[in-house]
1. Of all residues being modelled with pLDDT of 95 or more and assigned to a strand (DSSP E or B) in region 384-397, which is farthest from Glu282 (Cα to Cα)? Just the residue, please.
2. Can you tell me which of (1) touching a helix residue (DSSP H, G or I) at 6+ places or on another chain (Cβ under 8 Å); (2) in a loop (DSSP other than H, G, I, E, B) is the one Ala316 doesn't meet?
3. Determine whether region 371-383 contains at least one residue that is modelled with pLDDT of 95 or more, in contact with a Gly (Cβ under 7 Å, 6 or more places away or on another chain) and of a type in the set (Val, Ile, Thr).
4. From Arg373, Arg412, Arg343, Arg417, which residue is closer than 17 Å to Pro278 by Cβ and among the basic types (Lys, Arg)?
5. Among (1) of a type outside the set (Lys, Arg); (2) farther than 13 Å from Ile423 by Cα; (3) buried (at least 21 other Cβ atoms within 10 Å of the Cβ), there is one condition Gly329 misses while meeting the rest; what is its number?
6. Those residues that are surrounded by 21 or more Cβ atoms within 10 Å (Cβ to Cβ), small (Gly, Ala, Ser) and either over 17 Å from the mean Cα position of the chain (by Cα) or within 16 Å of Ala181 (Cβ to Cβ) (or both), I need them from region 208-226; list them, please.
7. Residue by residue through region 414-434, note down the ones that are of a type outside the set (Gly, Ala, Ser) and surrounded by 15 or more Cβ atoms within 10 Å (Cβ to Cβ).
8. Give region 293-322 a look and list any residue that's modelled with pLDDT under 95, of a type in the set (A, V, I, L, M, F, W, C) and crowded, with 17+ Cβ neighbours inside 10 Å, or say none.
Amino acid sequence: MTLDPGGTAAAPRTEVAATTAARGLPIAARIVLLVAVLAGAGLYLRASSSVYRALHWAEDVTPENLKTAARLEPSNAEFRYRLGRYSLLVQDFPNAFADFKAAIALNPYDARFWLDLSSAYLATGDMEGQQQALARALQADPTTPEVLWQTANYELVRGDTETAMKRFHTLVEHDSEFMPAVMNICWRATRNPDLIAEKMLPARPEAHSAFIRFLWNRRAPEAADKAWSHLIALQQPFPVQLAFPYLDYLIGRGEFAAVEEAWAQVAVANPELRAYVPSDDEIVNGGFELDLLNGGLDWRYSAKEGASVIIDLNRAHSGNRSLAITFDGTPGDSGVFQFVPVRSHTRYQFSGFMMAEDLQTVSPPRFSVLGLRGSNPYLVTDGVKDSTGWQELQGEFTTGPEDDMLLVRVVRMPSQRLIRGRIWVDDVKLVPKP
């Protein structure tokens, strides 16, 4: 329908043409034309009424109503299909087979019909029939997620695991929303992270990272380690944030040597991260000249009420940048920390610079160095003093026989006291002594 220039609804062109033509006809001819139009409308209304009544009966799903709908519309494959599904649900297999085959005869191109026929064959133990019906479903619709999902599940039930993995692979390539469900069923069926990583997962870091997270949640650390190896074996750059959960998982398990190795692997996959790999100076990004990654072995910031952190481009002890921390309240610490891999039985020299401005507190910020293996407090430096320029805070310590990971923080001791003002941190170093 269109609008005429005056803004009123105009009749469709065919209706206008018919009306114009009719005006030029004699009255008898007009009556004949009117009868013909009404007759055509009657035929249409009768057909529409049949469809409407069939739909009405089909909406209330009972065997009798579905049969009535199918009788009213015998050419409608959907109604026979619904009858078949009902019969399958109540395990009336003869009628289920009859209705599915009738629906397929009417429309052999709907994969749903073949899939449910396959279900009926599976329920009755006809594996050959089930396989043939699955093949026809895939032939009818080879890429629809629901078809791939159901087909792959049937292949798992049948024991054809490798084919199922390939089918699941195609599924998640087309629709990543299926990834959680696919990972779950593949893991439950195989408990084989290598098979899943090689055959099912797309060759994308995001997919492999999701699988690693899935395995952590299932508390399968050895499988997660294997999945990590497959991620690295892709030899593709990936956002470093994808590695953080795995590294935190290793830290939580106390596998500190593995943390250092995994961090180096991340840097190999992402060359721009090589500057974040510890060298002779064990502290990463100690001068804050690099962007803070907030994860891995770089500096991290855990938000604390009463403390805020920014990179300051205007003040630095050396270089061009420093870390500025503003306090206003009673934060227990700044929220700034770094995990630092070290060697046991080794003497270290720690140093770092701080500067304070308008600092009001009796508990000024300072550096703390803690051994994670035995919670050994190796070092707590003096606190920074207000308005005296850059101050070097330092100390020495020897790591214990088991410590291979330290926690370096900016803290306050005691921590419950009120603090206001700002400090800057720069040039933090941890160097093994000869």
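The values are calculated or read from the model by the stated rules, or taken from the named source; none is laboratory data. All of these numbers come straight from a predicted model, not from anything done at the bench. Positions of Cβ are generated from backbone atoms using ideal geometry, with glycine treated the same way; all protein chains shown enter the neighbour counts.
1. Gln391
2. Condition (1) is where Ala316 drops out.
3. Yes, the conditions are met somewhere in region 371-383.
4. Arg343
5. Looking at each condition in turn, Gly329 falls short on (3).
6. Within region 208-226, Ala223 is the sole residue that qualifies.
7. Of everything in region 414-434, those that are of a type outside the set (Gly, Ala, Ser) and surrounded by 15 or more Cβ atoms within 10 Å (Cβ to Cβ) turn out to be Ile419, Arg422, Ile423, Trp424, Val425, Asp426, Asp427, Val428, Lys429, Leu430.
8. Ala307
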